[in-house]
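The values are calculated or read from the model by the stated rules, or taken from the named source; none is laboratory data. Everything numeric here is computed off the predicted structure, so don't read it as measured data. Note that each Cβ is placed from the backbone with ideal geometry, even for glycine, and that neighbours are counted across all protein chains shown.
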């Protein structure tokens, strides 16, 4: 992949995530306009994530069969249509159906984009490339609420129209300027969906997918209850809560854009993942025991940094297994991520009823368990990566 094509793909993902970020702050107001309960509002978000959990593996398999670019285009069309259809919803059922349909059609976008990046980068460069793509996503999500705020004065449905048009705007760029990469191993495209599931439950894939799930649960818990926590503990305003979320996203962008290259040059990926989990653990603990809003902001910065360090390396490690096609692998990765994002807010909301700090203590424990799990279950992979890095350093020295 040329540098120009890579930047274009990052820009496409930035635009699509900006559209997604526009909708999230506006969705509660649309739900309130329709007279929906808080449970119904929550189900709109959970329904999207659960639908992705179910359908993304099928999209992943399709990516390997028909190509990365077609599925990416279908996903962008799905995003745009789903956002635009939301302006016509007049009941909870209609809104829920639109959200589910949108999730079904658009769920192949992220796996297709990641497969494009993985296919066109050598193993030793994948983590940095994936981190850059993650930075584009995080930056788009960070800008989304700001863009949505600009359109909100124009009417309740204006953010949804803007999001839909923004997603559809990316389609010509993707169609005319992105090239479908050549598939290196045709046999991987011929593996059935049933056989690919068998591969996913083997140790190499299973361990990394479990870590993906755990990371998603811990982070989505933050998004689910941080606002309630800040109101309960510090009587914070909406702007303060928004600043906390922005701190988390901004930290993720900065780490992935400017620091991951240095980190990857000095450590192998499993050590980097463990470092990310420690940073994230400290962030959740900082929020759980915060005595001021500044401690919450500091905790969000650490959580964003930890996710930025750990998540790209896990995706890169998954891509290096190579027993099945990269589209299939990224489909299962996104599926476990979506499952974690559907479980996390629900569980966090439940234990929040017992104590405001409980969700963040729980997330701290998840990171600790994942750290211990990596130490004891990924020893062989760690030794292999260490040898690989030493070989690469010897080659560069020569």
For segment 332-350, state whether one or more residues are assigned by TED's automatic domain parsing to the domain that holds residue 216, buried (at least 18 other Cβ atoms within 10 Å of the Cβ) and assigned to a loop (DSSP other than H, G, I, E, B).
no
Going by what's in this entry, would residue 53 be described as outside the structural domain of residue 267 (by TED's automatic domain parsing), buried (at least 18 other Cβ atoms within 10 Å of the Cβ) and either part of a helix (DSSP H, G or I) or out of contact with any strand residue (DSSP E or B) (no Cβ under 9 Å at 6 or more places or on another chain) (or both)?
yes
With respect to residue 39, determine if the residue is crowded, with 17+ Cβ neighbours inside 10 Å and in the same structural domain as residue 140 (by TED's automatic domain parsing).
no
Please work out which one of (1) modelled with pLDDT of 85 or more; (2) crowded, with 22+ Cβ neighbours inside 10 Å; (3) closer than 20 Å to residue 339 by Cβ is the condition residue 248 fails and give its number.
(3)
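This table checks each residue for (1) more than 26 Å from residue 234 (Cα to Cα); (2) under 22 Å from the mean Cα position of the chain (by Cα).
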site: 281; (1), (2): no, yes
site: 288; (1), (2): no, no
site: 291; (1), (2): no, no
site: 301; (1), (2): no, yes
site: 307; (1), (2): no, yes
site: 310; (1), (2): yes, yes
site: 313; (1), (2): yes, yes
site: 317; (1), (2): yes, yes
site: 323; (1), (2): yes, no
Of all the helices (runs of 4 or more DSSP H) wholly in segment 183-235, which have at least 1 residues that are modelled with pLDDT under 75, touching a strand residue (DSSP E or B) at 6+ places or on another chain (Cβ under 7 Å) and surrounded by fewer than 16 Cβ atoms within 10 Å (Cβ to Cβ)?
none
